[in-house]
Amino acid sequence: AQRVTQPEKLLSVFKGAPVELKCNYSYSGSPELFWYVQYSRQRLQLLLRHISRESIKGFTADLNKGETSFHLKKPFAQEEDSAMYYCALKSYNQGGKLIFGQGTELSVKP
Amino acid sequence: NAGVTQTPKFRVLKTGQSMTLLCAQDMNHEYMYWYRQDPGMGLRLIHYSVGEGTTAKGEVPDGYNVSRLKKQNFLLGLESAAPSQTSVYFCASSYGSGGAYEQFFGPGTRLTVL
């Protein structure tokens, strides 16, 4: 079965603290994983994808096939990072649909 | 480029009414998708299209119909709205289906069915 799990509904940290948003997946094969961000009442935007191994807005994510995880990390959180974060897995069927986790709301307090 | 646009932004319907949501993209993308976003459930695929004139069912297609008469437009129809269809609807488009191809999302349509 193809599935994405984000165990935390809400993550609250103080500005400057490290952040880790957890994502675990279930997939038979080589997964293609993404992190999308949705700021308040805005559209979803691609934050990063594992194949490009890039760092966007200070965020990084490493694919760990042994633990089937793709956790999103940032060493020093900023208030503007407050948003909804979705981990997504590219499906091998249904037109390459994205399978989304439930989302984690990140709240960064001053 | 406007990217992916959706019309309308908000709508309130009564049970049994019908409506059509319009999605338009100006990126010449082949693939288009309709998702619904419900609290605590992430986004789920309703229908998708891999090209002009083609449509297919996603995970939660019941109660919805779609059409892709023009490459740039993907319409989502509700023939007889039900309260369970209260949701935020997102359209997305992509050049291809592989992992290298990003899905671009529209701003969403917030639908309430009373």
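The values are calculated or read from the model by the stated rules, or taken from the named source; none is laboratory data. Everything numeric in this text was worked out from a predicted model, so none of it was measured. Methodologically, a virtual Cβ is constructed for each residue, glycine included, from the backbone with ideal geometry; neighbour enumeration extends over all protein chains shown.
Below, the figures for the structure above:
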| quantity | calculated |
| --- | --- |
| Strands (runs of 3 or more DSSP E) lying entirely in segment A:57-100 (those with 1 or more residues that are among the small types (G, A, S)) | A:83-90 |
| Qualifying residues in segment B:17-65 (those that are among the aromatic types (F, W, Y) and at the interface with another protein chain (Cβ under 9 Å from one of its Cβ atoms)) - the one farthest from B:Y101 (Cα to Cα) | B:Y35 |
| Top-ranked residue of segment A:82-110 - restricted to ones that are within 26 Å of A:A1 (Cβ to Cβ) and hydrophobic (A, V, I, L, M, F, W, C), ranked as nearest to the other protein chains (Cβ to nearest Cβ) | A:F100 |
| Tally, over segment B:101-114, of residues that are more than 14 Å from every other protein chain (Cβ to nearest Cβ) and surrounded by fewer than 19 Cβ atoms within 10 Å (Cβ to Cβ) | 2 |
| Of the criteria (1) surrounded by 13 or more Cβ atoms within 10 Å (Cβ to Cβ); (2) modelled with pLDDT of 95 or more, which one B:S18 fails | (1) |
| Members of segment A:88-110 found to be of a type outside the set (A, V, I, L, M), over 19 Å from B:G58 (Cα atoms) and under 17 Å from the mean Cα position of the chain (by Cα), listed by number | A:G103, A:T104, A:E105, A:S107 |
| The lone exception for A:L11 - which of (1) away from chain B (no Cβ under 12 Å); (2) aliphatic (A, V, I, L, M); (3) surrounded by fewer than 15 Cβ atoms within 10 Å (Cβ to Cβ) it fails | (3) |
| Residues within segment B:68-100 that are at the interface with chain A (Cβ under 8 Å from one of its Cβ atoms), in contact (Cβ under 8 Å) with a residue 24 or more places away in the chain and part of a loop (DSSP other than H, G, I, E, B), tallied | 2 |
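Here's the yes/no breakdown for (1) surrounded by 15 or more Cβ atoms within 10 Å (Cβ to Cβ); (2) within 11 Å of another protein chain (Cβ to nearest Cβ); (3) in contact (Cβ under 8 Å) with a residue 12 or more places away in the chain; (4) not in a strand (DSSP E or B):
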{"residue": "A:Y25", "(1), (2), (3), (4)": "yes, no, yes, no"}
{"residue": "A:Y36", "(1), (2), (3), (4)": "yes, yes, yes, no"}
{"residue": "A:R43", "(1), (2), (3), (4)": "yes, yes, no, yes"}
{"residue": "A:E54", "(1), (2), (3), (4)": "no, no, no, yes"}
